[in-house]
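Report on one structure; see the data block that follows.
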Amino acid sequence: MPEAFSVVGQASFTSSASNAGSSVNALGVAQPLGGIATNGTLFYVADYGNHRILGWNSIPSTLSKAPDFVIGQSDFTSNSSGTTASKLALPASVSITDTRLVVADAGNNRVLIWNSLPTSNVAPDVVVGQSDFTSDDPGTTASQLSFPVSASIANNRLFVVDQYNNRVLIWNSVPDTAGVAASVVLGQIDFTSSTAGDEEDGLTNPASLWTDGIQLLVADSGNNRVMYWSSIPRSSGADATYVIGQTDFSRTSAGVGQSSLRTPYGITSDGTRIYIADAGNNRIIEFDSFPIANGPSALSMYGQDSWSARTANDDDQDGATDDTPSARTLSSPTGATYYNGVLYVTDRSNHRVLFFPD
């Protein structure tokens with residue numbers, strides 16, 4: 001198994017307590033969910049359980065390097081949720097595109113956009129999914145959201161995983177005011193439907209997405225698969241091109257092995273390779289190219305030492321007889337971000353983010 005070279009959220013690779021075993025503080029995290037965001041300098045982590053985003057002015061290169069600022073709270077020891085321009089509720093993911101920061105503020109049923117990258121708890125510029133910064137009503141229309149868990153901008157389009165509505169929404173231009181309606185919906189036939197589905201055009205509890213603005217990957221968690229569109233759909237309800245984790249679109253069973261998935265949650269790519277946070281199998285699996293057929297086999301993995309293994313924190317090389325984590329193990333990984341030769345893995349049940357070399 002590959003070995004991580006750094007960690008955020010814990011003081012060592014063998015620690016796994018929420019908030020680093022203490023009350024709310026600068027160094028710990030609680031149930032982080034989505035991938036990290038970095039532009040090579042600024043570094044952000046969505047601290048889901050503490051209702052905040054932790055930020056560093058440079059990528060943390062040593063263990064226990066404290067963040068420089070926090071978004072969503074007034075200080076590093078507070079963790080109350082709220083529905084204002086300066087508060088968050090269960091922030092599920094964070095992403096950077098050019099100068100913008102995008103946060104899926106799941107508990108408030110909204111997506112927040114900062115037009116310049118924040119380095120303090122400043123208000124965002126735009127709210128998506130709500131008519132203002134003090135509303136948090138879920139809904140199923142082209143301008144509403146229900147527990148969005150992933151959001152990203154690419155080629156001036158906004159993409160949002162709207163989990164409780166079992167869909168992905170696409171805005172063909174990034175909204176610059178509140179309440180703008182989406183242009184395209186995937187996973188549903190229209191903007192007022194929210195039924196869980198499978199086949200080529202259905203989604204069930206989708207969890208995250210990756211896109212370069214040309215092609216699109218969606219972790220379809222409830223169907224134990226990843227959906228791949230080889231080009232960004234221009235019309236609603238469009239069929240996916242291929243599926244990863246199943247041999248065809250009619251199958252949804254969970255499994256372990258080189259071509260199966262169990263509750264995949266996070267997904268990322270370097271533009272060639274694909275990395276999937278296979279949460280139910282406590283591993284990250286890597287594919288060396290985008291699929292050209294259904295059910296491709298993975299090339300390698302992180303967190304397990306064999307394709308049949310799926311136990312959390314299982315590391316025969318650390319000499320431990322219990323489930324103590326190590327720099328090689330994972331427990332319900334739910335986020336993955338690839339940037340500049342490093343794979344950042346959100347290791348949720350170990351309350352940490354691991355840094356793996358490419």
Counting only residues 5 or more places away or on other chains, whose amide H sits under 5 Å from the amide H of Arg110 once H atoms are built in the peptide plane?
Asp105
Dipole magnitude of the chain about its Cα centre, charges +1 at Lys/Arg Cβ and -1 at Asp/Glu Cβ only, in debye to the nearest 20?
360
Per residue, what accessible area does segment 12-167 have, given a 1.4 Å probe and all protein chains present, in Å²?
32
Accessible area per residue for segment 206-343 in Å², computed with a 1.4 Å probe and the full protein assembly in place, what is it?
36
Please report the relative contact order for segment 1-134, taking Cα pairs under 8 Å with a sequence separation of at least 6, and give it as a percent rounded to a whole number.
18
Can you give me the long-range amide H partners of Leu90? Hydrogens built in the peptide plane at 1.01 Å from N, cutoff under 5 Å, separation of 5 or more residues or another chain.
His51, Gly107
Carbon and sulfur atoms account, in whole percent of the 1.4 Å probe accessible area of the chain, for 44
Once phi is turned into ³J(HN,Hα) by the Karplus curve 6.51 cos²θ - 1.76 cosθ + 1.60 with θ = phi - 60°, what whole-Hz value does each residue of segment 161-175 show in order, with x for glycine and proline?
8, 9, 4, 6, 8, 6, 7, 10, 10, 10, 9, 6, 9, 5, x
Relative contact order (percent, whole number), the chain, Cα cutoff 8 Å, 6+ residue spacing
15
Specify the inter-centroid distance of segment 63-101 and segment 233-279, based on alpha-carbon positions, in whole Å.
29
Ordered by residue, what ³J(HN,Hα) values in Hz, to whole numbers, does segment 342-358 give under the Karplus form 6.51 cos²θ - 1.76 cosθ + 1.60, where θ = phi - 60° and Gly and Pro are x?
10, 9, 9, 10, 7, 9, 4, 6, 9, 6, 7, 10, 9, 10, 10, x, 5
Check which residues have an amide H placed less than 5 Å from Arg352's amide H, if you skip close sequence neighbours.
Asp347
Most mobile of Arg157, Arg283, Arg328 in a GNM of the chain (Cα contacts under 10 Å):
Arg157
Computed from the coordinates I sent, volume of the Cα convex hull per residue in Å³ equals one of (i) 124; (ii) 108; (iii) 156. Tell me the label.
(ii)
Kindly write out, for segment 116-122 in residue order, the coupling ³J(HN,Hα) from the Karplus curve 6.51 cos²θ - 1.76 cosθ + 1.60 (θ = phi - 60°), rounded to whole Hz, with x marking Gly and Pro.
10, 5, x, 10, 6, 7, 8
Need the C-alpha centroid separation for segment 328-353 versus segment 116-148, integer Å.
26
Order the peptides 254-265, 173-184 from the highest to the lowest mean number of other Cβ atoms within 10 Å of their residues.
254-265, 173-184
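The values are calculated or read from the model by the stated rules, or taken from the named source; none is laboratory data. Since this is a predicted model, take the numbers as computed values, not measurements. Using ideal geometry, Cβ is built from the backbone for each residue, glycine included, and neighbour counts are taken over all protein chains shown. Ligands, DNA and RNA are excluded from the accessible area calculation, which covers all protein heavy atoms including side chains. Shrake-Rupley method; radii C 1.70, N 1.55, O 1.52, S 1.80 Å.
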